[in-house]
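Beneath this line is the structure, given in structure tokens, with notes to follow.
The values are calculated or read from the model by the stated rules, or taken from the named source; none is laboratory data. These figures come from a predicted structure and were not determined experimentally. Don't worry about glycine lacking a Cβ; one is built from the backbone with ideal geometry, like all the others, and counts go over all protein chains shown. Side chains included, ligands, DNA and RNA excluded: accessible areas come from the protein's heavy atoms. Shrake-Rupley method; radii C 1.70, N 1.55, O 1.52, S 1.80 Å.
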2 protein chains.
Amino acid sequence: MNIAGLIVEYNPFHNGHAYHFTEAKKLAQADAVIAVMSGDFLQRGEPAIVSKWARTEMALQVGVDLVLELPVAYAVQPAEWFAYGAVALLEATGVTTHLCFGSEAGALDVLQPLAERLADESAELQAQVAEELATGASYPAAYAAAAARVCAAEGCGGLDAAAARAMLEQPNNSLGLHYMIALRRLGSGITPLTLRRLAADYRDAAPRDAAIASATAVRNLLAHSGLTAAVPYLPASTADIMAREFAAGRGPITWESFAQPLFHRLLLCSPEELAEHHEMTEGLEHRIKKLLPKLKEPTVEHLLQQLKTKRYTHTKLQRMLFHVLLQSPSGTMFRTALSGGPGYLRVLGFSSTGRELLKRMKKTASLPIVTRAAELNHPHLSLDIQASGIYANGMANRSTSELMRDYRQPPIQL
Amino acid sequence: MNIAGLIVEYNPFHNGHAYHFTEAKKLAQADAVIAVMSGDFLQRGEPAIVSKWARTEMALQVGVDLVLELPVAYAVQPAEWFAYGAVALLEATGVTTHLCFGSEAGALDVLQPLAERLADESAELQAQVAEELATGASYPAAYAAAAARVCAAEGCGGLDAAAARAMLEQPNNSLGLHYMIALRRLGSGITPLTLRRLAADYRDAAPRDAAIASATAVRNLLAHSGLTAAVPYLPASTADIMAREFAAGRGPITWESFAQPLFHRLLLCSPEELAEHHEMTEGLEHRIKKLLPKLKEPTVEHLLQQLKTKRYTHTKLQRMLFHVLLQSPSGTMFRTALSGGPGYLRVLGFSSTGRELLKRMKKTASLPIVTRAAELNHPHLSLDIQASGIYANGMANRSTSELMRDYRQPPIQL
């Protein structure tokens, strides 16, 4: 029995995701699909447009069989830790046979040897990354350059340094590489498969195709032109779920939904207190305090615009602000604390096939399967619950049931 | 030259305040009036309906000559520290000759001997207060009972314990008593004067008189029936200022304006972290965490309703929530830290007569006179600035200029 694993955010689920889902299932000849999905906050440090529960429904509606939550401790992290957490969850199911991901390269022939080389060379690689960072490069750029250099030195994959670097600077190649490094580090038997990303680049601001638009483009349409404008790019089930969530005042959620608590904390904390947050590095605390009085408006968007430099990517800065919002002390989510891997398999939803999978997993899984948050006491799970509470507290229609939903909500069943 | 001092909140300034102002000026035969006014957060732990700047304008418009800010470290405190801070500021001006306050008693013949007796008996009094608290009484009730008992034992003022207690349970008598105790402790030469409170009790929810309503009644009208309904009880200048503030999205401010950041913090903090806030005493942190999932709605009003018991007055609980909002660690505002008295005279506004007073005060004042927040580095002033930033962050129309107003705003001049 082939079980395909996908690593997703579905923010929101759109036609491009539906295409990827169908093709991945075909490619893996899969009988069932497991999606590891970020919860309410995403890798780039942003809140999701609607809650993890609504996005779980979207995934189940189009045929995903089992949705597992990527703990926020891994979900809002640089690519390597995001990838490590997600792949470790798939491995821990004990049933996943294939990992399918989209990439700009569309083939494993170059990524595979790179992954093999890099998985074993962490000390040398880290030294090269540090060297690149010292030139003022952002972390992703430094990593791509260092990885390319390490590889080209030994001629792996037949690429020279410039070609390897150009390839790794494409975000889905980079994520894919980290998935494969994680598989190798975990000694996993899961087979990686890749699909060339279709039509829309994730960074496209506007749709390029009649039915396929990037999630960014879909969110822009939602923000500026409303749900109707986005409908052509969404499965009908997604559109219905979004309409319901918006009507109930549970979305759309953006960073501005958290402007009041974020600025509250930025106003109250001294630079020294700000510096105690995860990812608040290299004097960013002083830059923030100096910028606050100069912002044209006290919005998160203006703050991010003013903070951005070559060295600090928008993504890095958003993640840092997320850690201020969540009051994550540096240390809590620190990388060494993550290397032990996730501690549980949190089930957000399942189909009837998913129910059968869960039965099998009772025997095969190497981590506890959690269907209610109250069942397990784990620091990462407490963090997930806090993050979801904070998220619900940003809804236009605040309600106790939403603030506490993580404690009460059983998995969504289709 | 007679200079009358008033201790006020003006939330908002209404006809009852105007009457008190006129009568006080007459009674003191005063050439000028100084008001010590709470800033954006008030003694009962509530935010003011409009900012301290708008309320300063109201005060100047009806004839107050100089408005000084009572630092938030004293303003949001039980009666004894509120009174001590305010009286110490008047004393520090070096020009105040009279202190006029309203009281239910309307005469000093009973309050004066009580004050003399209590000012010197803090050890015995505190022991009696502790004994009353142990029976489950609230602090104000325990203080009234203990003070009455201490006094009656020595027959001061000719009242028996029951009569003294009944008198002290009236809130303005209690405040007045604390003003006089403070005068005595400070060795002040300021003469106290009292006026009987007219018509409206501060706790009245609805107006009792054609032109005089309590501030509570005025705020209820504003909240439920709009500004027009409140106009009969307000000087025209107050009504104009309120209309302008509301139109600009700077009011009305209520506790619900801070529901998101307050619940944010309540969701994130463990009971142990909550217990580190000022006034979070005797296991209240556990009660809050247990109540959160049971609230009908996540509003501050529902939370306060559910938290209230005989022991914990609404006022005590509101102040505690304010300290959570301001992240005041226990210690910061602790009573012993306040006994040194205020550290500055912060000028919020002045009339032309007030300008002359300020000139005199350059020679007479025993504390630095601050007209711009950036002039002085003092922990209480930092707290005032933080409190005002947090307050502005709760406005419907959030703006950088309001968040930073305390740094930039010179005193209001009329």
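Note on the range A:1-115: Cα-Cα pairs beyond 19 Å make up 45% of the total pair count. Ranked from shortest, the separations from the 7 Å Cα-to-Cβ label point of B:Ala210 to its equivalents in the other copies are 7.8 nm. Partner aspartates and glutamates whose Cα lies under 15 Å from the Cα of A:Lys316, excluding those fewer than 8 positions away in the same chain, are identified as A:Glu46, A:Glu80, A:Glu279, A:Glu282, A:Glu285, A:Glu301.
The relative contact order of chain B comes to 23 percent, based on Cα pairs under 8 Å that sit 6 or more residues apart. With its label point defined 7 Å out from Cα along the Cα-to-Cβ axis, B:Leu291 lies at 3.8 nm from the matching points of the other copies, in increasing order. Taking only alpha carbon atoms, the protein assembly as shown gives an Rg to Rh ratio of 1.06, where Rh is the Kirkwood radius. Between identical copies, the spacing of A:Gly331 label points, each set 7 Å from Cα toward the C-beta atom, reads 1.5 nm from nearest to farthest.
Computed on the range B:256-335, with alpha-carbon pairs under 8 angstrom and 6+ residues apart, the relative contact order is 41 percent. Under the convention that each Lys and Arg Cβ holds +1 and each Asp and Glu Cβ holds -1, the size of the dipole of the range A:342-414 around its Cα centre is about 300 debye.
Candidates A:Thr96, A:Ala123, A:Val110 compared by Cα position along the dipole of the range A:62-145: farthest toward the positive end lies A:Thr96, with charges placed on Cβ. Here the range A:256-335 was treated as a single set of alpha-carbon atoms; its pair distances binned every 5 Å from 0 give 3, 16, 30, 30, 17, 4, 1, 0 percent.
Based on DSSP H segments of at least four residues, each scored -39500 (n - 2.57), chain A has a per-residue ellipticity at 222 nm of -15000 deg cm²/dmol.
For the pair B:Ser352 and B:Asn2, the difference between a 0.36 nm per residue extended length and the Cα-Cα distance amounts to 124.4 nm. Pairs from the table (A:Lys26/A:Lys363; A:Lys296/B:Lys52; A:Lys359/B:Lys290; A:Lys52/B:Lys308; A:Lys25/A:Lys363; A:Lys363/B:Lys290) lying more than 30 angstrom apart at Cα are A:Lys359/B:Lys290; A:Lys52/B:Lys308; A:Lys363/B:Lys290.
Interface size between chain A and chain B, please: total buried accessible area, 1.4 Å probe, rounded to the nearest 100 Å². In total, chains A and B hide about 2700 Å² from solvent.
Take the range B:266-351 with all the other protein chains still there, run a 1.4 Å probe, and you get 40 Å² of accessible area per residue. For chain A, a simple Cβ point-charge model (Lys and Arg +1, Asp and Glu -1, everything else neutral) yields a dipole of about 680 debye relative to the Cα centre. The separation of the range A:382-408 from the range A:292-325, counted between C-alpha centres, amounts to 24 Å.
Taken over the alpha carbons of the range A:112-187 as equal point scatterers, the Debye sum produces base-10 log I(q)/I(0) values at 0.26 Å⁻¹ of -1.32. The fraction of accessible area contributed by carbon and sulfur in the range A:112-187 is 51 percent, rounded to a whole number (1.4 Å probe; ligands and nucleic acids excluded).
Each DSSP beta bridge with both residues in the protein assembly as shown is either parallel or antiparallel, and the antiparallel ones are about 20%.
Considering every alpha-carbon pair of chain A, the percent of pairs per 20 Å bin, from zero through the bin containing the longest distance, is 27, 61, 12.
So if I take the centroid of the Cα atoms in the range A:75-154 and the same for the range B:61-104, what is the distance between those two points in Å? Measuring centre to centre over Cα atoms gives 65 Å. Running a GNM on chain B with Cα contacts under 10 Å, which residue among B:Phe322, B:Phe350, B:Phe263 ends up with the highest mean-square fluctuation? Judging by the Gaussian network model, the answer is B:Phe263.
Taking the centroid of alpha carbons for each part, the range B:222-239 and the range B:245-291 are 29 Å apart. Label separation (A:His224 vs B:Ser330): 5.3 nm, computed from points 7 Å beyond Cα along the C-beta direction. A Förster radius of 25 Å, combined with the Cβ-Cβ distance separating B:Ala166 from B:Glu124, puts the computed FRET efficiency at roughly 0.70. Taking the alpha carbon gyration tensor of the range B:44-97, multiplying each eigenvalue by 5 and rooting it gives semi-axes of 19, 18, 7 Å, largest first.
Approximating the spin labels as points 7 Å out from Cα along Cα→Cβ, the A:Leu27-to-A:Lys289 distance works out to 4.9 nm. Surface composition of the range A:256-335: carbon and sulfur make up 52 percent of the accessible area, probe 1.4 Å.
Bins of 5 Å, beginning at zero and ending with the bin holding the largest distance: percent of Cα pairs per bin for the range A:162-286, please. Using 5 Å bins, I get a P(r) of 2, 8, 11, 12, 10, 13, 16, 16, 9, 2, 0 for the range A:162-286. Considering only B:Gly158, B:Ala134, B:Gly176, and ranking their Cα positions along the charge dipole of the range B:112-187 that arises from unit charges at the beta-carbon of Lys, Arg, Asp and Glu, the one farthest toward the positive end is B:Gly176. Residues in the range B:99-104 carry Karplus couplings, in order, of 10, 10, 9, x, 8, 5 Hz; the curve used is 6.51 cos²θ - 1.76 cosθ + 1.60 with θ = phi - 60°, and Gly or Pro positions show x.
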